[in-house]
1. Regarding ILE85, is this residue open to solvent by 20 Å² or more (accessible area, probe 1.4 Å) and either in contact (Cβ under 8 Å) with a residue 12 or more places away in the chain or polar (S, T, N, Q) (or both)?
2. Just wondering, is there one or more residues in the range 107-123 that are crowded, with 18+ Cβ neighbours inside 10 Å, touching a residue at least 24 places away in the same chain (Cβ under 8 Å), closer than 22 Å to ILE50 by Cα and β-branched (Val, Ile, Thr)?
3. Report yes if some residue within the range 98-107 is within 22 Å of LEU129 (Cα to Cα), more than 12 Å from the chain's Cα centre (by Cα) and not β-branched (Val, Ile, Thr); otherwise report no.
4. When both residues are 6+ apart or on different chains and their Cβ atoms are under 8 Å apart, which pairs have a first residue that lies in the range 146-167 and is at pLDDT 80 or above, and a second that is loosely packed, with under 10 Cβ neighbours inside 10 Å and part of a loop (DSSP other than H, G, I, E, B)?
5. Go through (1) open to solvent by 20 Å² or more (accessible area, probe 1.4 Å); (2) farther than 24 Å from SER6 by Cα and name the single condition ASP60 misses.
6. Of the residues in the range 89-106, how many are open to solvent by 10 Å² or more (accessible area, probe 1.4 Å) and of a type in the set (A, V, I, L, M)?
7. What about SER126, is it over 18 Å from ALA51 (Cα atoms), part of a helix (DSSP H, G or I), out of contact with any helix residue (DSSP H, G or I) (no Cβ under 7 Å at 6 or more places or on another chain) and open to solvent by less than 30 Å² (accessible area, probe 1.4 Å)?
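The values are calculated or read from the model by the stated rules, or taken from the named source; none is laboratory data. The structure displayed is predicted, hence computed values, not measured ones. Every residue, glycine as well, gets a Cβ built from its backbone with ideal geometry; the counts of neighbours run over all protein chains shown. With ligands, DNA and RNA removed, areas are computed over all heavy atoms of the protein, side chains included. Shrake-Rupley method; radii C 1.70, N 1.55, O 1.52, S 1.80 Å.
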Amino acid sequence: NEKTSSENKEKILAALRSTIVSSTYWRLRNSAITQLGVLLGNAALDEASIAAILTALKKDKSWIRANEIRVLGNTRDLSHVDFYIEALNDPSDRVISAAATALGKSKSPKAFNALAKLVNKPSMKSQSLLSALSGLKELGDPRGFDIAYKALANLNLPRWRLPTPIA
């Protein structure tokens with residue numbers, strides 16, 4: 001909060017960054033990433049935090065990678081756009097979804113074409129389409145309307161559905 005001294009804030013951030021790049025249990029590292037994102041909000045990440053996240057991204061698996069991408073994406077920093085586009089080819093649907101949303105938030109000129117291409121990527125229950133739509137929503141490009149309308153109008157498209165209880 002505003003009463004925390006800048007010295008203590010830096011100690012807290014340093015501890016979070018240290019945890020993120022450590023080899024501790026992944027859920028603890030994931031929590032540290034979330035807390036770092038909460039503390040910094042939508043502000044630009046400092047160089048040390050970016051370095052910690054980029055280091056962790058090289059070794060982490062889907063759940064934690066997705067969270068790292070989410071935190072980077074909330075900054076709307078254009079310098080990570082090529083990484084987000086590359087992450088659209090990750091084997092994890094969770095990572096693809098985070099990358100698509102981050103790409104949309106970046107408002108990059110490269111975003112629309114990459115997200116439009118993602119629409120046609122084969123996936124279970126149209127997960128790639130859902131990720132693309134999420135990214136297009138964040139992008140706010142009016143060309144995304146036609147993609148969304150076409151997806152909603154296709155009644156034969158496989159979709160995620162909640163099970164209906166049988167009484």
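1. Numbers: open to solvent by 20 Å² or more (accessible area, probe 1.4 Å): yes; either in contact (Cβ under 8 Å) with a residue 12 or more places away in the chain or polar (S, T, N, Q) (or both): yes.
In short, yes.
2. Of the range 107-123, the ones crowded, with 18+ Cβ neighbours inside 10 Å are 108, 111-112, 114-115, 118-119.
The next check asks that each one be touching a residue at least 24 places away in the same chain (Cβ under 8 Å); those that pass are 108, 111-112, 114-115, 118-119.
Imposing the further condition that a residue be closer than 22 Å to ILE50 by Cα reduces the set to 108, 111.
Then keep just the ones that are β-branched (Val, Ile, Thr); that gives none.
Scanning the range 107-123, I find no residue that is crowded, with 18+ Cβ neighbours inside 10 Å, touching a residue at least 24 places away in the same chain (Cβ under 8 Å), closer than 22 Å to ILE50 by Cα and β-branched (Val, Ile, Thr), so the answer is no.
3. The answer is yes; a qualifying residue exists.
4. Correct list of pairs: empty, since none qualify.
5. Unmet for ASP60, out of (1) open to solvent by 20 Å² or more (accessible area, probe 1.4 Å); (2) farther than 24 Å from SER6 by Cα: (1).
6. 1
7. Values: over 18 Å from ALA51 (Cα atoms): yes; part of a helix (DSSP H, G or I): yes; out of contact with any helix residue (DSSP H, G or I) (no Cβ under 7 Å at 6 or more places or on another chain): yes; open to solvent by less than 30 Å² (accessible area, probe 1.4 Å): yes.
So SER126 passes the test.
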